[in-house]
1. Restricting to the range 55-67, count the residues that are in a loop (DSSP other than H, G, I, E, B), buried (at least 16 other Cβ atoms within 10 Å of the Cβ) and out of contact with any Gly (no Cβ under 8 Å at 6 or more places or on another chain).
2. Take the residues in the range 128-186 that are over 19 Å from P118 (Cα atoms) and of a type in the set (A, V, I, L, M), then tell me which one is modelled with the lowest pLDDT.
3. When you look at Y52, is it of a type in the set (S, T, Y), outside any strand (DSSP E or B), more than 28 Å from C138 (Cα to Cα) and modelled with pLDDT of 85 or more, yes or no?
4. Looking for something outside the structural domain of G62 (by TED's automatic domain parsing), at pLDDT below 80 and part of a loop (DSSP other than H, G, I, E, B) - is there at least one such residue anywhere in the range 116-124?
5. If I filter the range 68-108 down to residues being at pLDDT 85 or above and of a type in the set (A, V, I, L, M), which single residue comes out as surrounded by the fewest Cβ atoms within 10 Å (Cβ to Cβ)?
6. Restricting attention to the range 163-173, does a residue exist that is touching a residue at least 60 places away in the same chain (Cβ under 8 Å), under 23 Å from the mean Cα position of the chain (by Cα) and either in a loop (DSSP other than H, G, I, E, B) or in the same structural domain as S65 (by TED's automatic domain parsing) (or both)?
7. Give the range 134-152 a look and list any residue that's exposed (fewer than 14 other Cβ atoms within 10 Å of the Cβ) and not basic (K, R), or say none.
8. What pairs come up if the first residue lies in the range 84-98 and is free of Cβ contacts under 8 Å to residues at least 60 places away in the same chain, the second is of a type in the set (S, T, N, Q) and not in a strand (DSSP E or B), and their beta carbons are under 6 Å apart, counting only those six or more places apart or on different chains?
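The values are calculated or read from the model by the stated rules, or taken from the named source; none is laboratory data. Remember, predicted model here, so these are calculated numbers, not experimental data. Glycine also receives a Cβ, built like all others from the backbone with ideal geometry; neighbour counts cover every protein chain displayed.
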Amino acid sequence: MSLFWHSSREGPGLFVARFGYGCNCDAPIDNFSYTGSGNNSIVLSHTGTSPYTSISWDFGDGSNSNNANPTHDYATTGSYNVCVIVVNDCGTNTYCQTVNSNGVGKETGLAPQIAIYPNPTNATLHIKDCPEQRATICNGVGQSLRQGRLHGSDAELDISALATGWYVLELEDGKGGKGRFKVVKE
């Protein structure tokens with residue numbers, strides 16, 4: 001940044017500020033594309049201008065990344081407002097578009113009658129008509145927080161120790177059947 005001050009007897013002073021390295025550059029132009037990469041993730045590709053000094057992504061579900069071309073898993077099928085924020089020496093630009101996660105978070109081979117309730121909850125999730133399953137609770141960035149086995153057709157899962165927010169409940173039956181379900185802890 002350069003600062004200049006000029007004053008004269010004829011009138012008030014003049015202040016000029018220039019930002020960037022010589023101001024011989026433009027703020028970045030943002031854009032991105034995305035493709036599905038399986039049943040529960042998308043690959044995002046930054047297609048805007050470069051070079052840039054930093055890039056960050058907001059996936060529209062409470063999680064983010066600083067990778068240039070990240071892969072992201074969504075907990076449920078839906079539309080998400082995804083934004084990429086790019087910074088260079090001359091400014092910042094944000095570009096957002098709606099991303100459809102069709103096919104993301106669907107059951108693959110699990111019994112279709114499984115019911116998870118109440119959702120949201122502040123203590124216990126009930127999982128009805130659930131054959132024996134391996135259960136994993138993950139946070140929004142995919143970190144496993146708790147693992148265990150569910151037994152019986154009406155299982156309970158205590159999530160009272162978790163902080164308020166949303167989580168992903170992953171169920172796996174050991175025969176190739178998997179499912180991901182978004183659960184909310186109040």
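1. The qualifying residues number 2.
2. Among those that are over 19 Å from P118 (Cα atoms) and of a type in the set (A, V, I, L, M), it is V141.
3. yes
4. Yes, there is a match, as at least one residue in the range 116-124 is outside the structural domain of G62 (by TED's automatic domain parsing), at pLDDT below 80 and part of a loop (DSSP other than H, G, I, E, B).
5. Once the filter is applied, the top-ranked residue is A68.
6. no
7. If the condition is that a residue be exposed (fewer than 14 other Cβ atoms within 10 Å of the Cβ) and not basic (K, R), then V141, G142, Q143, S144, Q147, G148, H151, G152 are the ones that fit.
8. Short answer, once both residue conditions are applied: V87/T53.
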